[in-house]
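Enquirer: First the structure, which I've put down as structure tokens, then a few questions once you've had a look.
The values are calculated or read from the model by the stated rules, or taken from the named source; none is laboratory data. Bear in mind that the values here come from a model prediction, so they are computed numbers and not experimental data. For neighbour counting, all protein chains shown are included, and Cβ atoms are generated from backbone atoms with ideal geometry for every residue, glycine included. Areas reflect the complete protein model, heavy atoms only, side chains present, ligands, DNA and RNA absent. Shrake-Rupley method; radii C 1.70, N 1.55, O 1.52, S 1.80 Å.
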Amino acid sequence: MGAAIAAVETSSIAQGIVVADAMVKQAEVDVLEATVLSPGRYWIAIGGDVATVRSAHRRGVEVAGDSLLDQLFIPQLHDGVLPALRGLVPASDDDAVGIIETLTAASAIVAADAAAKTAGIVLRDVRLANGMGGKGIVVLSGPVSEVQAAIAGGRAEAQRRGLLARSVVIPRMDARLRARVV
């Protein structure tokens with residue numbers, strides 16, 4: 001398992017920048033992402049050791065106030081999440097593909113982490129908000145039974161947060177399409 005990660009997603013770009021500034025001033029953390037998300041949201045994701053990330057996260061949630069759309073704090077992020085988020089996972093010929101669609105960026109990362117910790121799958125892609133109306137998408141692959149278990153784990157976490165849009169398992173995706181999706 002990897003380092004701690006936290007993120008705050010706001011409905012206001014201006015307030016989101018204030019939140020980001022407060023978070024990095026609160027504790028010595030690594031800024032993983034700090035960017036505008038569509039439609040008109042702001043996203044700050046930080047990483048580092050558990051105590052400093054927790055402190056910065058608490059400050060970010062506090063400063064966000066009523067502009068808070070979603071947030072996450074994961075003390076031990078699964079090692080597969082950041083490579084998938086950065087688009088660094090090579091293509092594969094895995095048997096099954098699973099997709100989790102969430103209503104926020106933060107809930108996509110939480111769902112990806114839960115899915116990867118539930119079963120022996122590979123996180124292929126995690127896409128956040130831009131060009132998708134603010135939604136998050138998690139694409140994973142592996143043997144059918146493992147993909148089914150991972151989707152169930154990720155879906156349950158997104159449902160618990162009230163931010164699941166849809167989830168699917170495609171047992172044997174056509175190779176022509178798989179090359180574009182996975």
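Enquirer: Give me the number: length gained by fully extending VAL61 to ALA179, i.e. 0.36 nm times residue separation minus the C-alpha to C-alpha distance, one decimal in nm. Don't jump to the answer; show the numbers that get you there.
Expert: Working: separation 118, 0.36 × 118 = 42.48 nm, distance 3.93 nm.
Gain on stretching VAL61 to ALA179: 38.5 nm.
Enquirer: Hey, for a label at ILE13 modelled as a point 7 Å past Cα toward Cβ, could you say which residues of the stretch 81-125 have their backbone N under 20 Å away?
Expert: It comes to 104-106, nothing else.
Enquirer: How large are Rg and Dmax for the stretch 85-160 when only the alpha carbon atoms are used, in Å?
Expert: Every Cα atom of the stretch 85-160 included, Rg and Dmax give 11.4, 32 Å.
Enquirer: Right, another one. If r is the Cβ-Cβ distance from ALA91 to GLU28 and R0 is 35 Å, what FRET efficiency results, to the nearest 0.05?
Expert: The value I calculate is 0.40.
Enquirer: Hey, with R₀ at 25 Å, roughly what FRET efficiency would VAL144 and ALA165 work out to, going by the Cβ-Cβ distance, to 0.05?
Expert: After rounding to 0.05, the efficiency reads 0.65.
Enquirer: Let me ask something else about it. Using a probe of 1.4 angstrom, how much of the accessible area of the stretch 25-179 is carbon and sulfur, in percent?
Expert: Carbon and sulfur together cover 49 percent of it.
Enquirer: What is the angle, in °, between the Cα long axis of helix 144-160 and the longest principal axis of the Cα atoms in the chain? Nearest 10 is fine, range 0 to 90.
Expert: 30
Enquirer: Taking a 1.4 Å probe, which of ARG178, ARG59 shows the most accessible area, and what order do the others take after it?
Expert: ARG59, ARG178
Enquirer: Now, a different point. Pairing the Cα long axis of helix 105-118 with the longest principal axis of the chain, what angle in degrees results, from 0 to 90 and rounded to the nearest 10?
Expert: 50
Enquirer: Here's another thing I want to ask about it. What list of whole percents do you get for P(r) of the stretch 30-182, with Cα-Cα distances grouped in 10 Å bins up to the one holding the largest distance?
Expert: Spelled out bin by bin, the stretch 30-182 gives 12, 41, 35, 11, 2 percent.
Enquirer: Please compute P(r) over all alpha-carbon pairs of the stretch 41-94, binned at 10 Å starting from zero, and give each bin as a whole-number percent.
Expert: Per 10 Å bin, starting at 0, the Cα pair percentages come out as 19, 42, 27, 10, 2.
Enquirer: Quick one: accessible area per residue over the chain, 1.4 Å probe, rounded to a whole number of Å²?
Expert: Spelled out: the 1.4 Å probe surface of the chain, per residue, equals 45 Å².
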